[in-house]
Ligand code: PA5
């Protein structure tokens, strides 16, 4: 019999996620960008960089580049808005990107809990300490969204935020996460979403890697229909595919998901995760919440601590 015990405060942090989202919005209530912005760059790695992936579909009028590297693109100049996000404030790729953005005189907004980034950027948005970076996704992502809405670069998100918070019900999402975790146990999860929800699919994959210490992968529709669909005949049974199905996706994407499922169902395992909510933000955050719970329960099933990522820390130490 499986005995579930909380091995870290990850569960407490998950249960308090709706409050985290409320607090996160307050951090950016008064921050507004003036002047012409031609493009947006979000620099950040891992749990701090995911906000960039989530942001992309919100911004329709100017390009968004998600920068997970030491260098920033050549196009960055004083008309670029560069978010530099590092929970610890000490991630070397992000610090290098920060220095480059400053050199290019971009408009820079740093979000961090401290470290070197807070020392260098006196106007940084400071988020509370003590979280695992990936568990602070509300603090790291929502201020970005709020600042862009304050600056009228994206539409106002207030009602979307309220809808999302109403939908983040720990009891319900935890149960759904647990059911999903049972399907992912002893399998290699592969998450698929539409391009719009690519950030959600990627988040679900990285949470399984970091919290449950299990291999996991991701891809998007329609691209997967041009390659991966052909690759399940050998070894496909070891996988558990999760199709993130959203009734707001393009009809063509929904049709593809349904046909793809029929075509591959004998070679692999496919389960559907149905997205709820009206606004893009609510659809994203509620699905992520279920995925976060799934990765937490999967960690317990795997008898590992979801709240530590020893190998990532060891790597960072060796790079110093
Ligand atoms: O969730 C994690 O612990 C990692 O993915 C980190 O976010 C990543 O290593 C980057 O570190 P930081 O968020 O401190 O910049």
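Every number in this text was worked out from the coordinates using simple rules, so none of it is lab data. Remember, it's a predicted structure, so these values are computed and weren't measured experimentally. We place every Cβ from the backbone using ideal geometry, glycine too, and count neighbours over all the protein chains shown.
Thinking of the range 173-320 as a set of Cα atoms, what percent of all their pairs are more than 27 Å apart?
Tail of the P(r) past 27 Å holds 22 percent of the pairs.
Please give the peptides 164-171, 308-315, 134-141, 199-206 ranked by average Cβ packing (other Cβ atoms within 10 Å per residue), highest first, as a rough proxy for protection.
134-141, 199-206, 164-171, 308-315
For the chain, find the longest principal axis of its Cα atoms and tell me its angle to the long axis of helix 137-150, 0 to 90°, nearest 10.
Once rounded, the angle reads 50 degrees.
Suppose a student asked you for the relative contact order of the chain, using Cα pairs under 8 Å spaced at least 6 residues apart; what percent would you report? Walk me through the numbers on the way to the answer.
Working: 578 pairs, mean separation 63.4, N = 320.
Computed over the chain, the figure is 20 percent.
Can you tell which of 110, 38, 24 shows the greatest fluctuation in a Gaussian network model of the chain with Cα springs below 10 Å?
In the Gaussian network model the winner is 38.
Calculate how steeply helix 251-264 sits against the longest principal axis of the alpha-carbon atoms of the chain, using the helix alpha-carbon long axis, and give the answer as 0 to 90 degrees to the nearest 10.
So the inclination is approximately 40 degrees.
Compute the Rg to Rh ratio over the range 64-176 from the alpha carbon atoms, using the Kirkwood formula for Rh, and round to two decimal places. Could the numbers behind the result be given before it?
Numbers: Rg = 15.6 Å, Rh = 15.4 Å.
That ratio is 1.02, to two decimals.
Evaluate the Debye formula for the range 217-272 with equal point scatterers sitting on the alpha carbons, no solvent, and hand back log10 of I(q)/I(0) at q = 0.12 Å⁻¹, in q order, two decimals.
-0.25
Multiplying the sequence separation of residue 59 and residue 120 by 0.36 nm and subtracting their Cα-Cα distance, what value in nm do you get? Don't skip to the answer; put the middle values down first.
Details: separation 61, 0.36 × 61 = 21.96 nm, distance 2.83 nm.
Gain in length upon complete extension: 19.1 nm.
Find the relative contact order for the range 45-124 and round it to a whole percent, using C-alpha pairs within less than 8 Å whose residues are 6+ positions apart. It would help to have the intermediate numbers written out before the result.
Numbers: 118 pairs, mean separation 23.6, N = 80.
Averaging sequence separation for qualifying contacts and normalising by length gives 29 percent for the range 45-124.
Taking only the alpha carbons of the range 95-236, what extent do you get along each of the three principal axes, in Å, biggest first?
54, 37, 32
Could you estimate the translational diffusion coefficient of the range 1-130 from the Stokes-Einstein equation, with Rh from the Kirkwood formula over C-alpha pairs, at 37 °C and 0.692 mPa s, in whole µm²/s?
Values: Rh = 15.8 Å.
Taking Rh from Cα pairs, D becomes 208 µm²/s.
Can you pull the three principal axis extents for the Cα set of the chain, in Å, largest first?
Sorted largest first, the three principal extents are 55, 43, 38 Å.
Exposure proxy check: 243, 75 ranked by fewest other beta carbons within 10 Å?
Numbers: 243 20, 75 13.
Placing the least packed residue first, the sequence is 75, 243.
Cα-Cα pairs above 13 Å in the range 9-65: how many percent?
74
Pulled fully out, how much extra length does the chain show between residue 250 and residue 156, if you take 0.36 nm times their separation in residues and subtract their Cα-Cα distance? Kindly include the intermediate steps, with their values, before the conclusion.
On the way: separation 94, 0.36 × 94 = 33.84 nm, distance 2.33 nm.
Length gained between residue 250 and residue 156: 31.5 nm.
So what is Rg over Rh here for the range 258-315, counting just Cα atoms and using Kirkwood for Rh?
So for the range 258-315, dividing Rg by the Kirkwood Rh gives 1.12.
Can you give the FRET efficiency to the nearest 0.05 for residue 182 and residue 129, using r as the Cβ-Cβ distance and R₀ = 35 Å?
Numbers: r = 34 Å, r/R0 = 0.97.
It comes out at approximately 0.55.
Using 0.36 nm per residue, how much length does the chain from residue 316 to residue 19 gain when fully extended, once their Cα-Cα distance is taken away?
Working: separation 297, 0.36 × 297 = 106.92 nm, distance 3.09 nm.
103.8 nm is the gain from fully extending residue 316 to residue 19.
Counting helices only, and only those DSSP H runs with n ≥ 4, report the 222 nm mean residue ellipticity of the chain as the sum of -39,500 (n - 2.57) divided by its residues, in deg cm²/dmol to the nearest 500. Walk me through the intermediate numbers first.
Numbers: 12 runs with 145 residues, N = 320.
After summing the helix terms and dividing by the residues of the chain, the value is -14000 deg cm²/dmol.
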